[in-house]
Amino acid sequence: MSQSLFVAFVMFATVMFFTPGPNNIMLLSSGLTYGFRRSIPHIAGITVGFAFMVGAVGVGLGAVFIAYPILQTILKYAGVAYLIYLAANIAMSEPHGPDEEGGGRGRPMTFWGAAMFQWVNAKGWVMVIGTITAYAAIAAFPLNIVIQVVISLILGAFSCVTWALFGTALRPILSSRRAVRAFNIVMALLLLASLYPVFMDA
């Protein structure tokens, strides 16, 4: 295994996982709106879903997208539509008390919803392509894919937990419904702003 390439890959993955993007923005809002415990399925869905995506593309699914570029276009615009839908849901979310399991508007994202979202996440595709192409020589195939999947699982879990906890920590500060609504509207606008690279690439 190339140690220097391994270190470079870990640095790349750390920056990409922890910097703001659709996943982290949604987790921040979910932590604030629903609390950490109710956001756990969302955290798990992102972590497992993205790592699976890295593995699937690494073992050959990427070749399908090269052979049929129309699939990439379909995924891209499906992702845009879904992000707009999510932004609207975030903007309309109402805060839930620590013991409140129902009521209010909206609900935290499910495990499967978060996992499937990775396939239409523009930042996720940038990360996957960078991981699979730039760091393919980290080790011989298929060990390189195993390493990339494991690192993605570890860093992804740490990043997701950090952003959700950050949102949860804001709950005592943003205690009124008006403050939470204002915060969620800002998060929704940031989520929409994350679509800018998609349209620039169109």
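The values are calculated or read from the model by the stated rules, or taken from the named source; none is laboratory data. Keep in mind that this is a model prediction, so the values were computed, not measured. Note: ideal-geometry Cβ built from the backbone for every residue, glycine included; neighbour counts use all protein chains shown.
Of all the listed residues (Val186, Val198), the sole one being modelled with pLDDT of 80 or more and either within 14 Å of the chain's Cα centre (by Cα) or not basic (Lys, Arg) (or both) is Val186. Just name the residue that is modelled with the lowest pLDDT out of those in region 96-138 that are on the phi > 0 side of the Ramachandran plot and surrounded by 14 or more Cβ atoms within 10 Å (Cβ to Cβ). Per the criteria, the residue is Gly104.
This table checks each residue for (1) of a type in the set (Ser, Thr, Tyr); (2) more than 18 Å from Gly60 (Cβ to Cβ); (3) more than 20 Å from the chain's Cα centre (by Cα).
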residue	(1), (2), (3)
Asn121	no, yes, no
Met127	no, yes, no
Ala136	no, no, yes
Ser152	yes, no, no
Gly156	no, yes, no
Val161	no, yes, no
Gly167	no, yes, no
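Within region 152-168, no residue that is modelled with pLDDT under 95 and outside any helix (DSSP H, G or I) sits with its Cβ atom under 9 Å from a residue that is crowded, with 20+ Cβ neighbours inside 10 Å and of a type outside the set (S, T, N, Q) at 6+ positions apart or across chains.
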